[in-house]
Amino acid sequence: MSPKQESIIILLFILMVFAIGNAQTPNIAERLGYDKNAKLLIIHADDLGVSHSENRASISGLEESPVNSASIMVPCPWFPEIAAYARKNTDKDLGLHLTLNSEWDFYKWGPVTSLDLIPSLVNASGYFYSRVDSLAMFAAANEVAIELRNQVKKAYKYGIDVTHLDAHMGAAMSTPEYLKAYIQIGQEFRLPVLLDHNIPGMQNSAIQSILGNTDVIVDHLYTAGPEDYASGMENYYAKILTDLEPGLNCLLIHLAFNDDEMKAVTKGHENWGAAWRQADYDFFTSEKCKQLMTEQKIILVSWREIRDKISRMD
């Protein structure tokens with residue numbers, strides 16, 4: 001046998017071993033106990049704790065619609081109300097919407113940490129910065145980590161059975177340094193964190209080096225943008241559900257009522273404002289939503305399942 005033939009045989013053997021190994025590695029659906037080609041979906045409501053309106057609509061969604069997950073903003077004014085609900089309703093899938101920004105013009109909040117420990121996270125008025133780019137310009141990564149950790153600790157102190165972590169406005173994922181802190185805090189508390197491959201910095205070597213078998217990256221992440229709102233939320237969400245692909249899918253929504261409180265909170269902001277949030281609520285509590293879920297054979301899964309079956313299985 002010539003050296004060239006030997007090389008070909010060795011290469012074929014390596015490829016065969018790799019293929020067998022890949023075939024035997026279960027995907028997320030299989031790890032959760034479903035068929036490998038199942039269409040798994042988390043319908044996830046953001047921003048609980050922002051207002052009473054947001055809390056009321058989100059609770060209604062969790063109790064009366066396919067919405068099956070939500071996340072709480074610990075620094076926000078209406079956090080105690082939703083924390084009380086979480087303590088009484090331990091079956092609900094409630095995580096934390098880790099918060100580093102305060103985006104509305106006249107309705108503000110700041111850190112849960114003493115300002116002398118995290119001075120780079122706040123503006124001259126002591127509030128979080130409105131914009132993510134301002135945060136990225138001024139906030140030190142070690143102070144970001146301190147604040148994120150303290151938000152988790154405060155949630156536990158209030159009796160919330162935290163199921164996962166995600167990031168308000170993507171701020172905690174907006175630089176590789178913040179992203180590293182975000183992932184490591186999830187690992188520290190043995191909680192899944194919302195990640196997908198399109199996050200800037202995910203391919204950074206420092207990030208890849210800390211990801212392990214208990215970390216989960218969703219296959220497809222969806223959230224409406226201003227152009228979708230302009231075209232009609234029902235059209236956007238119906239298309240998402242109709243075209244949903246196999247794998248772990250996460251759909252981020254915002255539920256609130258278009259009432260005086262929410263109009264005041266979001267004053268001056270049509271995008272992600274009160275009417276937008278009412279449109280989200282209207283679709284996900286509709287019969288059309290339920291019908292599409294059934295027709296497309298979509299399986300709802302929760303972050304609690306992921307936490308207990310993957311993130312805490314080491």
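One table, with the values for the structure above:
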{"read-out": "Given charges at Cβ of Lys, Arg, Asp, Glu: the chain dipole, positive-most of PRO111, ILE298, ILE28", "value": "ILE28"}
{"read-out": "Acute angle (nearest 10 degrees) that the helix 79-88 long axis makes with the longest principal axis of the chain, alpha-carbon atoms", "value": "60 degrees"}
{"read-out": "In degrees, nearest ten, helix 3-24 long axis to first principal axis of the chain (Cα)", "value": "40 degrees"}
{"read-out": "Normalised contact order of segment 164-273, rounded percent, pairs of Cα under 8 Å and 6 or more residues apart", "value": "20 percent"}
{"read-out": "Solvent-accessible area per residue, Å², over the chain with all protein chains present [probe radius 1.4 Å]", "value": "46 Å²"}
{"read-out": "Computed magnitude of the charge dipole of the chain (debye, nearest 20; Cβ of K, R +1, Cβ of D, E -1)", "value": "760 debye"}
{"read-out": "Option label - Rg and Dmax of the Cα atoms in Å computed here, alternatives [x] 21.2, 83; [y] 22.2, 80; [z] 22.7, 70", "value": "[x]"}
{"read-out": "For segment 225-251 and segment 113-158, distance of Cα centres in Å", "value": "32 Å"}
{"read-out": "Crossing angle, helix 176-188 versus the chain [Cα axis fit, 0-90 degrees, rounded to tens]", "value": "90 degrees"}
{"read-out": "Anisotropy class of segment 101-165 from Cα gyration tensor, a/c 1.5 cut", "value": "prolate"}
{"read-out": "GLU177 accessible area, 1.4 Å probe, all protein chains in place, Å² to nearest 10", "value": "110 Å²"}
{"read-out": "Dipole in debye (nearest 20) - segment 61-188, about Cα centre, beta carbon charges: Lys, Arg +1; Asp, Glu -1", "value": "300 debye"}
{"read-out": "Total charge dipole magnitude, segment 253-314, about the Cα centre, Cβ charges on Lys, Arg, Asp, Glu only, Debye to nearest 20", "value": "260 debye"}
{"read-out": "Residue pairs, from the table LYS180/LYS239; LYS157/LYS267; LYS88/LYS239; LYS108/LYS288; LYS88/LYS153, whose Cα atoms sit over 30 Å apart", "value": "LYS180/LYS239; LYS157/LYS267; LYS88/LYS239; LYS108/LYS288"}
{"read-out": "Ellipticity estimate at 222 nm from DSSP helix runs (n ≥ 4, -39,500 (n - 2.57)) divided over the chain, nearest 500", "value": "-13000 deg cm²/dmol"}
{"read-out": "Euclidean distance of C-alpha centroids, segment 191-218 and segment 32-98, integer Å", "value": "23 Å"}
{"read-out": "Average projected area [Cα convex hull, segment 164-230], square nanometres", "value": "4.8 nm²"}
{"read-out": "With every protein chain in place, the chain: carbon and sulfur % of accessible area (1.4 Å)", "value": "54 percent"}
{"read-out": "Accessible area, probe 1.4 Å, largest first, for residues GLU64, GLU261", "value": "GLU64, GLU261"}
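The values are calculated or read from the model by the stated rules, or taken from the named source; none is laboratory data. Please read these numbers as outputs of a predicted model, since none were measured by experiment. No Cβ is skipped: glycine too gets one built from the backbone with ideal geometry, and neighbour counts run over all protein chains shown. Surface areas here come from the heavy atoms of the whole protein model, side chains and all, with no ligands, DNA or RNA. Shrake-Rupley method; radii C 1.70, N 1.55, O 1.52, S 1.80 Å.
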